[in-house]
Amino acid sequence: MLSDVAGSAPLRILGATVLELEGPLSVPVHHTWPDLLVVAPGLYAHDSRVRRGVQDCLQGDRLTVITWDQPLPAELEDRFSHVSYPLSDAAHAFKTRAVAATSTPPAAVESLERFRVSARCAPFGAHESTGLHRNS
């Protein structure tokens with residue numbers, strides 16, 4: 001979900017379903033519930049509705065929450081682990097194309113992605129199919 005879907009082509013290249021943020025945030029009951037939520041740290045920090053929703057998901061252990069490998073607000077630091085994910089050749093090709101579709105300067109696409117994952121995803125023994133690996 002994005003506050004502005006105009007620049008969502010890179011996410012669509014990666015196969016993401018992109019929705020406008022205001023739609024889901026404006027209704028109290030959701031008929032569809034994801035298995036995984038990816039949240040940008042800046043959106044969490046600046047939108048109280050997103051912050052409340054993420055906190056509800058974490059408190060109720062409703063789903064796994066993932067964010068980029070960046071510093072998190074203090075209330076989240078101890079609830080997230082550092083993990084890495086090796087990109088397949090196909091994933092690397094798709095991500096390279098998605099990065100090229102953005103309006104930002106071209107950047108090299110690393111072969112190892114780094115994330116922060118909520119504690120629900122640990123231990124990873126139950127989530128080996130995701131390919132996520134806890135960083136030491």
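Remarks
- Scanning the stretch 50-68 for residues that are closer than 18 Å to LEU21 by Cα and surrounded by 13 or more Cβ atoms within 10 Å (Cβ to Cβ) yields VAL50, ARG51, GLY53, VAL54, GLN55, CYS57, VAL65, ILE66, THR67.
- Residue within the stretch 74-81 that is at negative phi and either part of a strand (DSSP E or B) or β-branched (Val, Ile, Thr) (or both) present: yes
- Qualifying residue in the stretch 91-113 (condition: over 14 Å from ILE13 (Cβ atoms) and in a helix (DSSP H, G or I)): no
- GLY23 modelled with pLDDT of 70 or more and out of contact with any helix residue (DSSP H, G or I) (no Cβ under 8 Å at 6 or more places or on another chain): no
- The set of residues from the stretch 77-136 being modelled with pLDDT under 90, among the basic types (Lys, Arg) and open to solvent by 80 Å² or more (accessible area, probe 1.4 Å) comprises ARG79, ARG97, ARG120, ARG134.
The values are calculated or read from the model by the stated rules, or taken from the named source; none is laboratory data. What you are looking at is a predicted structure, and each value in this text was computed from that prediction instead of being measured. All Cβ positions, even for glycine, are placed from backbone atoms using ideal geometry, and neighbour counts span all protein chains on display. Note: areas computed on protein heavy atoms with side chains; ligands, DNA, RNA excluded. Shrake-Rupley method; radii C 1.70, N 1.55, O 1.52, S 1.80 Å.
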